[in-house]
Amino acid sequence: MDSHTPPGLDLNFLQGLRLLYVEDEDEVRELLSRFLGRRVGTLEVAVNGREGLEAFLKGEYDVVVTDIKMPEMDGLEMASRIRATGHAVPIIVVTAYSDRDYLLRSIDLGVDRYVTKPIDPDALLTAIHDAVMVRTQQKALLAAETRIADILQQTVMALARAIEMRDPYTDGHQKRVSALAAAIAKEMGLAREVVEGVRFGALIHDIGSIRIPSEILCKPGKLKPIEFEIIKNHSQAGYELLKDVDFPWPIAEMVRQHHERLNGSGYPQGLKGEAILLEARILAVADVVEAMSSHRPYRPALGLEQALAELESGAGQLYDAEVVNACVRLMRRRPDLLPEQGL
């Protein structure tokens, strides 16, 4: 049992592992402990599930190998309690083909591998190697995805700041709309991925304003019709800037559609009803609330109550009724989310 290591395994990788081995049969435990102890970096041995759980909670392990049928606490109960701690450590169970119920329980628990009796030490070592390797690769992939998401957020935030630097009157507008839009999406019970997309899209929903001359963007007083037409171009301009960026959400369309209205009176495409993305309908409501509640060069802040009255009067006609209801509920329940209070 000690003479060799199965071909194709990374010996250096195995030597770096910390393994918890739980087995109640003395002879099996002694033989496998000798075999494993010469191939992994650290080996801790326990004689039943209770002792194994105590050892796990006290130490740090890369993998757990356990028999199932043991006194005091069986291997699956121990595995269940380990999973309940939130640790993603790979768990390998040793079972027999006849233990069908135990095998099904193992699958329900999400154990990583199982090895059948009589135990082939090479098969067990291969299962240990492969289970930990897969989990290591998953952790590396998750870390890379998290890093990419962080970079994406930082880039979007930089774009948002660049846009708002051109217009001191709307400084923080996109950030406040983003927070409110995400809160509305969450209030509606939408999936986390959708909420995140709404938050990101709202952060740069006015990116197209970079194409608007500053003298129009910051002009006090009422805009001339031709100036308003230029302002309206920012939705399409934002779409043109973002359409080739491979976001994991429909950001470019959200930006283009955030001034569309259910009855087709919006711009730039005059879309109606469900032809408008749900994310854009949420963004439209959040944008109206923030804009009406905040000071603008051409008027003082109108306040939240007037903004909510505007939404309720236009629900089902201009604005999505479900989105409006969610926004109103949220504002009534959470007055601390008022834009003028630093949403």
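Counting beta carbons within 10 Å around each of T95, T42 and listing the fewest first gives the order T42, T95.
Given springs between every Cα pair under 10 Å in a Gaussian network model of the chain, which of E193, E290, E72 has the largest fluctuation? Highest fluctuation among the options: E72. Each peptide in 23-29, 175-181 was scored by the mean count of other Cβ atoms within 10 Å over its residues; highest first, the order is 175-181, 23-29.
For region 1-63, a/c is not less than 1.5, where a ≥ b ≥ c are the root eigenvalues of the C-alpha gyration tensor, and a/b does not top b/c. That puts it in the oblate class. Can you work out the FRET efficiency for the pair Q154 and K232, with r the C-beta to C-beta distance and R0 = 25 Å, to the nearest 0.05? Once rounded, the FRET efficiency stands at 0.25. Equivalent-ellipsoid semi-axes for region 11-139 (Cα gyration tensor, √(5λ), whole Å, largest first): 19, 17, 15. Where (i) 226; (ii) 166; (iii) 187 are the candidate values, the label of the one calculated here for volume of the Cα convex hull per residue in Å³ is (iii).
Of the residues Y319, Y61, Y267, the one that moves most in a GNM of the chain with alpha-carbon contacts below 10 Å is Y61. Helical content alone sets the calculated 222 nm signal of the chain at -17000 deg cm²/dmol, taking -39,500 (n - 2.57) per DSSP H segment of four or more residues and averaging over every residue.
Think of each Lys and Arg Cβ as +1 and each Asp and Glu Cβ as -1; about the Cα centre, that makes the dipole of the chain roughly 1500 debye. Work out which helices of the chain, taken as complete DSSP H runs, extend at least 20 Å along their axis over the Cα atoms and score a mean Kyte-Doolittle of 0.5 or more, then list them. Result, helices passing both filters: 278-293.
Bear in mind that the values in this text are calculations on the coordinates, not laboratory data. These numbers were taken from a predicted model, which means no experiment stands behind them. Heads up, the Cβs are rebuilt from the backbone with ideal geometry, glycines too, and the neighbour counts pull from every protein chain shown.
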